[in-house]
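**Q** Before we start, here is the structure in question, set down as structure tokens.
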């Protein structure tokens, strides 16, 4: 517990200081928890995007760009970029 001694103005100053310290501790704790939640959400989203890219790379040898884009929900430009990056020609399908 806190010691209450001194002048009225000193007590007020001490109270303000104690309140600020508590507020900072609470703010830090809440900020850390919020940051963890945001980081986790961003990590999950990044993981999903990475999985879409991995699947797309596997499909480059067997499907056309539009079909891959529609299947993986990645933009068509991203599929074309992957194809160029990995130097994979579009599949030739005889009907």
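**Q** Looking at the stretch 28-70, which of its residues are without any contact (Cβ under 8 Å) to a residue 24 or more places away in the chain and over 23 Å from the mean Cα position of the chain (by Cα)?
**A** Listed by number, the residues that qualify are 58, 59, 66, 67, 68, 70.
**Q** I've got another one for you. How many of the residues making up the stretch 37-61 are outside any helix (DSSP H, G or I) and modelled with pLDDT of 90 or more?
**A** Here is the first cut: in the stretch 37-61, the ones outside any helix (DSSP H, G or I) are 60-61.
After this cut, where a residue has to be modelled with pLDDT of 90 or more as well, the list is 60.
Qualifying residue count, the stretch 37-61: 1.
**Q** Okay, moving on. Quick check: is even one residue across the stretch 20-41 at positive phi and surrounded by 10 or more Cβ atoms within 10 Å (Cβ to Cβ)?
**A** Within the stretch 20-41, the first condition is being at positive phi, and the residues that meet it are none.
Taking every residue of the stretch 20-41 in turn, none turns out to be at positive phi and surrounded by 10 or more Cβ atoms within 10 Å (Cβ to Cβ).
The values are calculated or read from the model by the stated rules, or taken from the named source; none is laboratory data. Only a predicted model underlies this, so the values are computations on that prediction, with no experimental measurement involved. Using ideal geometry, Cβ is built from the backbone for each residue, glycine included, and neighbour counts are taken over all protein chains shown.
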